[in-house]
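A quick write-up on the structure given underneath.
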Amino acid sequence: MNTTVQKKEARPTQNPAVPSDYVLPNVNIFETKDGYVLEAEMPGVSKDGLEITLEGNEIAIIGHRQTETVPGELLFRERHVADYRRVFELDPAIDTTKVSAKMDQGVLTLTLPKSERVKPRKIAVD
Amino acid sequence: MATWPGFGRLTDLRDEIDRLFESPLAELARTSQILSGWTPALDLYEDKENFVVKVELPGMKREDIEVSLHEGSLSLSGERKSEEKYADAEVYRTERFFGRFQRTVTLPTPVAAEKVKAAYKDGVLTITLPKTEEAKPKQIEVNVS
(Lines give C-alpha, C1' and ligand atoms only; values in the text may rest on other atoms or scores of the structure.)
Protein backbone atom coordinates (compact mmCIF):
# COMPACT_ATOMS: atom_id res chain seq x y z
CA MET A 1 0.00 0.00 0.00
CA ASN A 2 1.43 3.36 -0.92
CA THR A 3 -0.58 5.55 1.38
CA THR A 4 0.22 7.19 4.68
CA VAL A 5 -1.68 5.10 7.13
CA GLN A 6 -2.42 5.85 10.70
CA LYS A 7 -0.53 3.66 13.07
CA LYS A 8 -2.43 2.07 15.87
CA GLU A 9 -1.76 3.91 19.08
CA ALA A 10 0.29 2.22 21.73
CA ARG A 11 -1.70 1.55 24.86
CA PRO A 12 -0.82 3.88 27.74
CA THR A 13 0.00 0.87 29.91
CA GLN A 14 2.62 -0.26 27.41
CA ASN A 15 4.22 3.12 27.17
CA PRO A 16 4.07 5.13 30.39
CA ALA A 17 5.72 8.15 28.72
CA VAL A 18 2.55 8.80 26.74
CA PRO A 19 -0.17 10.50 28.73
CA SER A 20 -3.44 8.60 28.47
CA ASP A 21 -5.53 11.72 28.00
CA TYR A 22 -4.98 13.27 24.62
CA VAL A 23 -7.10 14.30 21.69
CA LEU A 24 -6.76 12.89 18.18
CA PRO A 25 -6.56 15.90 15.88
CA ASN A 26 -8.76 15.84 12.79
CA VAL A 27 -6.61 15.52 9.71
CA ASN A 28 -6.78 15.89 5.95
CA ILE A 29 -4.19 14.07 3.87
CA PHE A 30 -3.55 14.76 0.20
CA GLU A 31 -1.10 13.29 -2.25
CA THR A 32 0.25 15.26 -5.16
CA LYS A 33 2.92 14.21 -7.65
CA ASP A 34 5.56 15.92 -5.51
CA GLY A 35 4.58 14.52 -2.15
CA TYR A 36 2.02 14.48 0.62
CA VAL A 37 0.37 17.28 2.53
CA LEU A 38 -1.05 16.61 5.97
CA GLU A 39 -3.21 19.17 7.74
CA ALA A 40 -4.03 18.66 11.42
CA GLU A 41 -6.43 20.76 13.47
CA MET A 42 -5.01 21.65 16.85
CA PRO A 43 -6.83 24.74 18.13
CA GLY A 44 -5.18 26.25 21.21
CA VAL A 45 -1.69 25.17 20.18
CA SER A 46 0.86 27.78 19.13
CA LYS A 47 4.04 27.20 17.14
CA ASP A 48 5.97 26.78 20.39
CA GLY A 49 3.67 24.03 21.62
CA LEU A 50 4.37 21.80 18.64
CA GLU A 51 6.47 18.69 18.85
CA ILE A 52 7.06 16.69 15.70
CA THR A 53 9.24 13.61 15.82
CA LEU A 54 10.40 11.40 13.01
CA GLU A 55 11.51 7.94 13.97
CA GLY A 56 12.18 5.36 11.31
CA ASN A 57 9.12 5.44 9.07
CA GLU A 58 6.86 6.99 11.70
CA ILE A 59 5.96 10.58 12.31
CA ALA A 60 4.39 11.66 15.58
CA ILE A 61 2.66 14.99 15.87
CA ILE A 62 2.10 16.32 19.36
CA GLY A 63 0.48 19.64 20.23
CA HIS A 64 0.79 20.98 23.74
CA ARG A 65 -1.89 23.49 24.58
CA GLN A 66 -0.96 26.66 26.29
CA THR A 67 -2.14 26.69 29.87
CA GLU A 68 -5.26 28.76 29.85
CA THR A 69 -6.16 31.03 32.68
CA VAL A 70 -9.66 29.84 33.37
CA PRO A 71 -11.88 32.81 34.04
CA GLY A 72 -14.13 32.09 37.01
CA GLU A 73 -16.64 29.30 36.93
CA LEU A 74 -17.40 26.99 34.04
CA LEU A 75 -21.07 27.12 33.03
CA PHE A 76 -20.96 25.05 29.87
CA ARG A 77 -18.31 22.81 28.39
CA GLU A 78 -17.85 21.13 25.03
CA ARG A 79 -14.14 21.53 24.46
CA HIS A 80 -11.83 18.74 25.50
CA VAL A 81 -8.82 20.68 26.72
CA ALA A 82 -6.02 18.11 26.49
CA ASP A 83 -2.88 17.81 24.40
CA TYR A 84 -3.13 16.47 20.86
CA ARG A 85 -1.28 13.43 19.65
CA ARG A 86 -1.40 11.26 16.54
CA VAL A 87 1.11 8.96 14.87
CA PHE A 88 1.33 8.20 11.15
CA GLU A 89 3.29 5.66 9.22
CA LEU A 90 5.09 7.21 6.28
CA ASP A 91 5.25 6.10 2.70
CA PRO A 92 8.88 4.97 2.11
CA ALA A 93 8.91 7.26 -0.94
CA ILE A 94 8.97 10.31 1.38
CA ASP A 95 12.29 12.06 1.79
CA THR A 96 12.28 12.48 5.57
CA THR A 97 15.14 14.99 5.47
CA LYS A 98 12.91 17.45 3.60
CA VAL A 99 9.80 17.41 5.78
CA SER A 100 8.61 20.91 6.67
CA ALA A 101 5.93 22.20 9.03
CA LYS A 102 3.87 25.36 9.29
CA MET A 103 1.39 26.45 11.95
CA ASP A 104 -1.41 28.90 11.28
CA GLN A 105 -4.39 29.60 13.54
CA GLY A 106 -4.37 26.16 15.10
CA VAL A 107 -3.84 24.24 11.86
CA LEU A 108 -0.58 22.39 11.35
CA THR A 109 0.42 21.85 7.72
CA LEU A 110 3.09 19.22 7.14
CA THR A 111 4.69 19.04 3.74
CA LEU A 112 6.23 15.64 3.03
CA PRO A 113 8.03 15.66 -0.30
CA LYS A 114 8.78 12.45 -2.18
CA SER A 115 12.43 11.75 -2.78
CA GLU A 116 13.74 12.60 -6.21
CA ARG A 117 14.48 8.98 -7.07
CA VAL A 118 10.82 7.93 -6.94
CA LYS A 119 9.45 10.87 -8.91
CA PRO A 120 8.60 10.07 -12.50
CA ARG A 121 11.13 11.68 -14.79
CA LYS A 122 11.76 11.90 -18.44
CA ILE A 123 14.95 10.50 -19.84
CA ALA A 124 16.47 12.48 -22.63
CA VAL A 125 17.46 10.45 -25.63
CA ASP A 126 20.64 11.53 -27.32
CA MET B 1 4.06 -1.82 -4.23
CA ALA B 2 0.79 -2.12 -6.11
CA THR B 3 -2.28 -0.66 -4.46
CA TRP B 4 -5.38 -2.71 -4.26
CA PRO B 5 -8.09 -0.08 -4.45
CA GLY B 6 -10.30 -1.60 -1.80
CA PHE B 7 -7.58 -1.95 0.76
CA GLY B 8 -7.27 1.68 1.83
CA ARG B 9 -10.91 1.91 2.59
CA LEU B 10 -10.93 -1.31 4.51
CA THR B 11 -8.07 -0.03 6.67
CA ASP B 12 -9.96 3.22 7.23
CA LEU B 13 -12.99 1.29 8.34
CA ARG B 14 -10.94 -0.72 10.79
CA ASP B 15 -9.41 2.48 12.14
CA GLU B 16 -12.84 3.93 12.57
CA ILE B 17 -14.02 0.88 14.46
CA ASP B 18 -10.93 0.99 16.67
CA ARG B 19 -11.56 4.61 17.39
CA LEU B 20 -15.19 4.01 18.16
CA PHE B 21 -14.13 1.81 21.07
CA GLU B 22 -11.33 4.10 22.17
CA SER B 23 -13.33 7.29 22.48
CA PRO B 24 -17.04 6.79 21.95
CA LEU B 25 -17.92 10.40 22.81
CA ALA B 26 -15.52 12.01 20.39
CA GLU B 27 -16.66 9.68 17.66
CA LEU B 28 -20.29 10.40 18.42
CA ALA B 29 -19.58 14.12 18.13
CA ARG B 30 -17.93 13.55 14.79
CA THR B 31 -20.81 11.43 13.53
CA SER B 32 -23.32 14.04 14.60
CA GLN B 33 -21.29 16.66 12.71
CA ILE B 34 -21.68 14.67 9.54
CA LEU B 35 -25.43 14.73 10.03
CA SER B 36 -25.87 18.31 11.18
CA GLY B 37 -22.96 20.27 9.74
CA TRP B 38 -20.14 21.93 11.58
CA THR B 39 -20.67 22.55 15.29
CA PRO B 40 -17.49 24.06 16.73
CA ALA B 41 -16.88 23.20 20.39
CA LEU B 42 -17.75 26.03 22.78
CA ASP B 43 -17.09 26.71 26.46
CA LEU B 44 -18.80 29.35 28.58
CA TYR B 45 -17.27 30.76 31.76
CA GLU B 46 -18.52 33.30 34.26
CA ASP B 47 -16.75 35.37 36.86
CA LYS B 48 -17.92 38.42 38.86
CA GLU B 49 -17.28 40.87 36.05
CA ASN B 50 -17.62 38.97 32.77
CA PHE B 51 -18.90 36.08 30.76
CA VAL B 52 -16.19 34.49 28.64
CA VAL B 53 -16.92 32.32 25.59
CA LYS B 54 -14.18 30.22 24.00
CA VAL B 55 -14.78 28.55 20.64
CA GLU B 56 -12.49 26.26 18.68
CA LEU B 57 -12.31 27.52 15.12
CA PRO B 58 -9.03 26.30 13.65
CA GLY B 59 -7.85 27.63 10.32
CA MET B 60 -10.27 30.52 9.86
CA LYS B 61 -9.67 34.00 8.59
CA ARG B 62 -10.60 36.78 11.01
CA GLU B 63 -12.85 38.42 8.42
CA ASP B 64 -14.86 35.19 8.01
CA ILE B 65 -15.95 35.17 11.67
CA GLU B 66 -19.09 37.08 12.62
CA VAL B 67 -20.02 37.90 16.20
CA SER B 68 -23.23 39.66 17.13
CA LEU B 69 -25.29 40.31 20.21
CA HIS B 70 -29.04 40.64 20.21
CA GLU B 71 -31.20 40.90 23.33
CA GLY B 72 -28.90 38.88 25.54
CA SER B 73 -28.17 36.26 22.89
CA LEU B 74 -24.69 35.95 21.49
CA SER B 75 -24.58 34.72 17.90
CA LEU B 76 -21.47 33.35 16.25
CA SER B 77 -21.33 32.40 12.63
CA GLY B 78 -18.90 32.09 9.82
CA GLU B 79 -17.59 30.03 7.01
CA ARG B 80 -14.44 28.04 6.51
CA LYS B 81 -13.71 27.83 2.83
CA SER B 82 -12.33 24.65 1.37
CA GLU B 83 -8.95 24.88 -0.27
CA GLU B 84 -8.84 24.97 -4.01
CA LYS B 85 -5.16 24.17 -4.20
CA TYR B 86 -5.68 20.47 -3.46
CA ALA B 87 -8.58 20.05 -5.87
CA ASP B 88 -6.49 17.87 -8.19
CA ALA B 89 -4.68 15.94 -5.47
CA GLU B 90 -5.53 12.45 -4.39
CA VAL B 91 -7.37 12.53 -1.08
CA TYR B 92 -6.58 10.03 1.67
CA ARG B 93 -8.33 11.54 4.63
CA THR B 94 -10.87 14.31 5.00
CA GLU B 95 -11.78 14.72 8.63
CA ARG B 96 -11.75 18.50 8.63
CA PHE B 97 -15.04 20.23 8.13
CA PHE B 98 -15.52 23.03 5.65
CA GLY B 99 -18.58 25.17 5.27
CA ARG B 100 -20.80 27.33 7.44
CA PHE B 101 -21.42 27.17 11.15
CA GLN B 102 -23.75 29.02 13.48
CA ARG B 103 -23.99 28.96 17.24
CA THR B 104 -26.14 30.95 19.63
CA VAL B 105 -25.60 31.30 23.36
CA THR B 106 -28.23 32.84 25.60
CA LEU B 107 -26.52 34.68 28.42
CA PRO B 108 -28.02 34.32 31.90
CA THR B 109 -27.77 38.05 32.76
CA PRO B 110 -27.56 41.28 30.74
CA VAL B 111 -24.19 42.34 29.33
CA ALA B 112 -22.81 45.71 28.26
CA ALA B 113 -23.01 45.32 24.48
CA GLU B 114 -20.65 48.23 23.74
CA LYS B 115 -17.86 46.68 25.84
CA VAL B 116 -17.82 43.21 24.27
CA LYS B 117 -14.37 42.18 23.03
CA ALA B 118 -13.37 39.35 20.72
CA ALA B 119 -9.91 37.95 20.03
CA TYR B 120 -8.83 35.18 17.67
CA LYS B 121 -5.55 33.42 18.41
CA ASP B 122 -4.18 29.94 17.64
CA GLY B 123 -7.53 28.94 16.19
CA VAL B 124 -9.47 29.77 19.36
CA LEU B 125 -11.99 32.61 19.44
CA THR B 126 -12.33 34.23 22.87
CA ILE B 127 -15.22 36.62 23.50
CA THR B 128 -15.32 38.63 26.71
CA LEU B 129 -18.72 40.05 27.63
CA PRO B 130 -18.70 42.43 30.62
CA LYS B 131 -21.82 42.30 32.75
CA THR B 132 -23.90 45.44 33.16
CA GLU B 133 -23.55 47.23 36.50
CA GLU B 134 -27.04 46.08 37.50
CA ALA B 135 -26.17 42.45 36.81
CA LYS B 136 -22.99 42.36 38.87
CA PRO B 137 -23.27 40.84 42.30
CA LYS B 138 -23.18 43.53 44.96
CA GLN B 139 -22.05 43.46 48.46
CA ILE B 140 -24.19 45.51 50.77
CA GLU B 141 -22.61 46.81 53.89
CA VAL B 142 -24.79 46.82 56.89
CA ASN B 143 -23.79 48.94 59.78
CA VAL B 144 -24.56 47.24 62.97
CA SER B 145 -25.07 49.81 65.63
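The values are calculated or read from the model by the stated rules, or taken from the named source; none is laboratory data. Please read these numbers as outputs of a predicted model, since none were measured by experiment. Cβ atoms come from the backbone with ideal geometry, glycine included; neighbour counts cover every protein chain shown.
Just the residues that are within 18 Å of B:A41 (Cβ to Cβ) and either touching a residue at least 24 places away in the same chain (Cβ under 8 Å) or surrounded by 12 or more Cβ atoms within 10 Å (Cβ to Cβ) (or both), please, taken from region B:107-145.
Listed by number, the residues that qualify are B:A118, B:Y120, B:K121, B:D122, B:G123, B:V124, B:L125, B:T126, B:I127.
Would you say A:E31 is at the interface with chain B (Cβ under 8 Å from one of its Cβ atoms), touching a strand residue (DSSP E or B) at 6+ places or on another chain (Cβ under 6 Å) and modelled with pLDDT of 90 or more? Yes; evaluated as a whole, the condition is true for this residue.
If the requirement is being in a loop (DSSP other than H, G, I, E, B), under 21 Å from the mean Cα position of the chain (by Cα) and more than 8 Å from chain A (Cβ to nearest Cβ), which of these qualifies: B:S82, B:S145, B:S75, B:S68?
Numbers: B:S145 fails: under 21 Å from the mean Cα position of the chain (by Cα); B:S75 fails: in a loop (DSSP other than H, G, I, E, B); B:S68 fails: in a loop (DSSP other than H, G, I, E, B).
Just a single option satisfies the conditions, and that option is B:S82.
Of all residues in region B:45-63, those satisfying the criterion of being among the acidic types (D, E) and either at the interface with chain A (Cβ under 7 Å from one of its Cβ atoms) or exposed (fewer than 12 other Cβ atoms within 10 Å of the Cβ) (or both) are B:E46, B:D47, B:E56, B:E63. Evaluated against (1) in contact with a strand residue (DSSP E or B) (Cβ under 7 Å, 6 or more places away or on another chain); (2) modelled with pLDDT of 85 or more; (3) more than 8 Å from every other protein chain (Cβ to nearest Cβ), B:E90 falls short on exactly one condition, (3).
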